[in-house]
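What follows draws every value from the coordinates through simple rules; no lab data is involved. It should be emphasised that the depicted structure is a prediction, and the values quoted were computed from it without experimental measurement. A quick note on method: Cβ atoms are made from the backbone with ideal geometry, for glycine too, and the neighbour counts reach across all protein chains shown.
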Amino acid sequence: MQTKNVWGVFAVASAFAIVVALAAPALAQMSEVKEKPPMYSYVGNWAIPRAQWGEMDKYTATDEKAMEKALAAGTIVAFGNDMNMVHSADGYTHDGWWSAMSMAALMSVLDQAYKSGTATSPVLVSATKHSDGIYVSRYYNWHAGTWKDAYTRVAVYKLKADAPNDAVDTLAKNLFVPMLEKLLADGAIHEYEIDTEAIHTDDPGIFAVDVIAANGEGLDKFNAAVRELNKANPLTGPAFGSMVEFKEHRDFLSRTSATYK
């Protein structure tokens, strides 16, 4: 048993060395990737009956006015809402979210929602299921502006139990961020972030790569960039697979309206 554990750690360490080596050409073409100040995001997920989707659109339009005030005041740096485009039997249909550079700022917007009564709007009360999440990102970037009918692609992964404590940092710096920064510069995507839970309501090993694509063509360019990464560096897939539990991997695709300061 002890020998098995030692070799397991060695395999993971070797995989990380491979990832760093494979990413070296990309890193040579850009400045060193560094983590940024923490950005916090609050996400409310709702399963809204289909007959109430029109009412949800009206609620969202009203809620955006409050968010615009918070953005103008500098309390938040972004806000938006999503409608799920690939439904599952027990999944959510809609979400609303906002991002801030501190927990205090993030929660002040939530407090205002409760005080104003928007958190108990009839259309939200009609939801058959609801959950909230608070996330933190140290790897993110965006184009300032407002977009309607963009697409959000979220890839959720779970680290293996023997992955190093800095696994997300290593993957972000050496794989994800170099690729996503290029897509951002090309205009294929408007925003990206790599999230972990700030308040753990799920497995602590879970992390998510979120991308807001400008349009359907942006989704194609994102998929092409992933394929090219794997084609140019054939060992990237196996190395990544040695760190994450692929059976736990899930993807989500939503139609998005978002504003970033």
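How long, wide and thick is segment 39-136, going by the Cα atoms along their three principal axes, in whole angstroms, largest first?
Taking max minus min along each principal axis of the Cα atoms, segment 39-136 gives 37, 25, 19 Å.
How big is the dipole moment of the chain about its Cα centre under a simple scheme where the beta carbon of each Lys and Arg is +1, that of each Asp and Glu is -1, and everything else is neutral? Debye, nearest 20, please.
Values: 23 positive and 31 negative charges, 37 e Å.
I would put it at about 180 debye.
Which value, in debye to the nearest 20, gives the size of the charge dipole of segment 39-136 about its Cα centre, when Lys and Arg are +1 and Asp and Glu are -1 at the Cβ?
140 debye
Which of the peptides 146-152, 109-115, 187-193 is most tightly packed, and how do the rest follow, going by the mean number of other Cβ atoms within 10 Å of each residue?
187-193, 146-152, 109-115
Would you be so kind as to identify which of A47, V125, F79 lies farthest towards the positive end of the dipole of segment 39-136, taking Lys and Arg as +1 and Asp and Glu as -1 on Cβ and the Cα centre as origin?
Projecting each Cα onto the dipole axis, the largest value belongs to V125.
Tell me the angle of helix 2-28 to the major Cα principal axis of the chain, expressed in degrees between 0 and 90 and rounded to the nearest ten.
It is inclined by approximately 80 degrees.
Given the C-alpha centroids of segment 139-164 and segment 36-64, what is the distance between them in whole angstrom?
18 Å
Taking the Cα centre of segment 29-77 as origin and charging only Cβ (+1 Lys, Arg; -1 Asp, Glu), how large is the dipole, in debye to the nearest 20?
That gives segment 29-77 a dipole magnitude of about 40 debye.
Add +1 for every Lys or Arg and -1 for every Asp or Glu among the other residues with Cβ under 10 Å from the Cβ of Y92, and state the total.
On the way: positive: K129; negative: D82, D90, D95.
Net charge in that neighbourhood comes out at -2.
Counting helices only, and only those DSSP H runs with n ≥ 4, report the 222 nm mean residue ellipticity of the chain as the sum of -39,500 (n - 2.57) divided by its residues, in deg cm²/dmol to the nearest 500.
That calculation yields -12500 deg cm²/dmol at 222 nm.
Quickly rank 47-56, 171-180 as a protection proxy: mean count of other C-beta atoms within 10 Å, highest first.
171-180, 47-56
Can you give me the long-range amide H partners of N141? Hydrogens built in the peptide plane at 1.01 Å from N, cutoff under 5 Å, separation of 5 or more residues or another chain.
Counting only residues 5 or more places away or on other chains, the set is Y192.
So between S116 and A161, what do we pick up on full extension, going 0.36 nm a residue minus the alpha carbon distance?
Net length gain for the segment: 11.9 nm.
How many nm is it between the label spots at H87 and V136, if each spot is 7 Å from the Cα in line with the beta carbon?
Each label point lies 7 Å from its Cα, and together they span 3.7 nm.
Which angle between 0 and 90 degrees, to the nearest 10, do you get for helix 177-186 versus the longest principal axis of the chain when only C-alpha atoms count?
So the inclination is approximately 60 degrees.
Hey, how many Å between the Cα centroid of segment 223-240 and the Cα centroid of segment 80-120?
Spelled out, the Cα-based centre of one part sits 34 Å from the other.
Relative to the longest principal axis of the C-alpha atoms of the chain, give the angle of the C-alpha long axis of helix 216-232, reported between 0 and 90° and rounded to the nearest 10°.
10 degrees
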